[in-house]
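J.: Can you read through this structure? Questions will come right after.
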Amino acid sequence: SDLNINHLETPTHDKDGTPEFYEYATRPNLRRQQERYVRKMIDETIQFPNIIYEIENEHWAMNSPDFGQHYAKFVKEYIARKYPDSPRLVSYSSLLPDLEKYYEITWVDIVNKHFGNDAERDPGVLNEYIETRWPLGKAINIDEFANGVTDPEVLRPMCWTIMTSGGNFHIEDAAESAQPFGICENIG
């Protein structure tokens, strides 16, 4: 906050903002600005029916579900109040074990699981993950997998496993030689 003249309760210049950014409950000025930003973002994007609001992606610290739950509820309630004819989905994304708690949070519709490289070695882990969570009633997206994959014979089984297990996916940074567009066209 030594670089911020608006008294937003942000960290000093020698810190990265963690955990301060997530301390919405004890930093009212910061929370007010975060919520103001979220409202503005919704107001500007609600006209697009394909928007899914993701609470956060790839946090590295402060992975308490309180922050995610607060903002998932905030988004849902704001949209319901101001745009009742335009409901939207809310998602949460993580590669950390805290993700399991989001299956219980009513306000989160989609859980985005980051797998890292585990699925490249054994696509069966994708099926196991998705299938064992069917009873939890959430849409599951396997997020940002296939980073650096160069072989279509590695990428194809991962994509098909996700789809046939009832999940969805987001390929991230697969090499052109892995033919990600062709594989997706074939599935679609």
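J.: Could you please let me know if ALA175 is under 20 Å from LEU95 (Cβ atoms), small (Gly, Ala, Ser), surrounded by fewer than 20 Cβ atoms within 10 Å (Cβ to Cβ) and out of contact with any Pro (no Cβ under 8 Å at 6 or more places or on another chain)?
T.: It is false that ALA175 is under 20 Å from LEU95 (Cβ atoms), small (Gly, Ala, Ser), surrounded by fewer than 20 Cβ atoms within 10 Å (Cβ to Cβ) and out of contact with any Pro (no Cβ under 8 Å at 6 or more places or on another chain).
J.: Continuing with the same structure: Kindly evaluate ASP98 against the criterion of being of a type in the set (Asp, Glu), over 17 Å from ASN168 (Cβ atoms) and within 13 Å of the chain's Cα centre (by Cα). Before the answer, list the steps.
T.: Working: of a type in the set (Asp, Glu): yes; over 17 Å from ASN168 (Cβ atoms): yes; within 13 Å of the chain's Cα centre (by Cα): yes.
Criteria met by ASP98.
J.: With the requirement that a residue be of a type outside the set (A, V, I, L, M), surrounded by 10 or more Cβ atoms within 10 Å (Cβ to Cβ) and modelled with pLDDT of 90 or more, what does region 45-61 give you?
T.: THR45, TYR53, GLU54
J.: Could you go through region 68-90 and let me know if any residue there is in a loop (DSSP other than H, G, I, E, B), surrounded by 16 or more Cβ atoms within 10 Å (Cβ to Cβ) and aliphatic (A, V, I, L, M). Walk me through how you get there before you give the answer.
T.: The first filter runs over region 68-90 and keeps only residues in a loop (DSSP other than H, G, I, E, B), leaving 83-88.
Filter again for surrounded by 16 or more Cβ atoms within 10 Å (Cβ to Cβ), leaving 88.
Then drop every residue that is not aliphatic (A, V, I, L, M), which leaves none.
No.
J.: While we're looking at this one, here's another question. If you take the residues of region 25-44 that are within 18 Å of the chain's Cα centre (by Cα) and β-branched (Val, Ile, Thr), which of them is surrounded by the fewest Cβ atoms within 10 Å (Cβ to Cβ)?
T.: Taking the candidates together, the pick is VAL38.
J.: Next up: All but one of (1) open to solvent by 40 Å² or more (accessible area, probe 1.4 Å); (2) at pLDDT 95 or above; (3) under 29 Å from ARG88 (Cα atoms); (4) more than 20 Å from the chain's Cα centre (by Cα) hold for THR161, so report the exception by its number.
T.: Answer for THR161: the failing condition is (1).
J.: Shifting gears a bit: Could you please find all residues in region 133-143 being surrounded by fewer than 18 Cβ atoms within 10 Å (Cβ to Cβ) and hydrophobic (A, V, I, L, M, F, W, C)?
T.: Those that are surrounded by fewer than 18 Cβ atoms within 10 Å (Cβ to Cβ) and hydrophobic (A, V, I, L, M, F, W, C): TRP134, LEU136, ALA139.
J.: Residue by residue through region 62-91, note down the ones that are at pLDDT 95 or above and among the hydroxyl-bearing types (Ser, Thr, Tyr).
T.: The answer is TYR71, TYR78, TYR83, SER86, SER91.
J.: How about region 139-188: which of its residues are among the acidic types (Asp, Glu), over 12 Å from GLU120 (Cα atoms) and free of Cβ contacts under 8 Å to residues at least 24 places away in the same chain?
T.: Hits for region 139-188 are GLU176, GLU185.
J.: Give me the residue from region 91-132 that is aliphatic (A, V, I, L, M) and more than 24 Å from PHE67 (Cα to Cα) and, out of that set, surrounded by the fewest Cβ atoms within 10 Å (Cβ to Cβ).
T.: VAL125
The values are calculated or read from the model by the stated rules, or taken from the named source; none is laboratory data. Keep in mind that what you see is a predicted model, and the values were worked out from it rather than measured. Counting neighbours? That spans all protein chains shown, and the Cβs are built from the backbone with ideal geometry, glycine included. Keep in mind that these areas ignore ligands, DNA and RNA; they rest on the heavy atoms of the full protein, side chains included. Shrake-Rupley method; radii C 1.70, N 1.55, O 1.52, S 1.80 Å.
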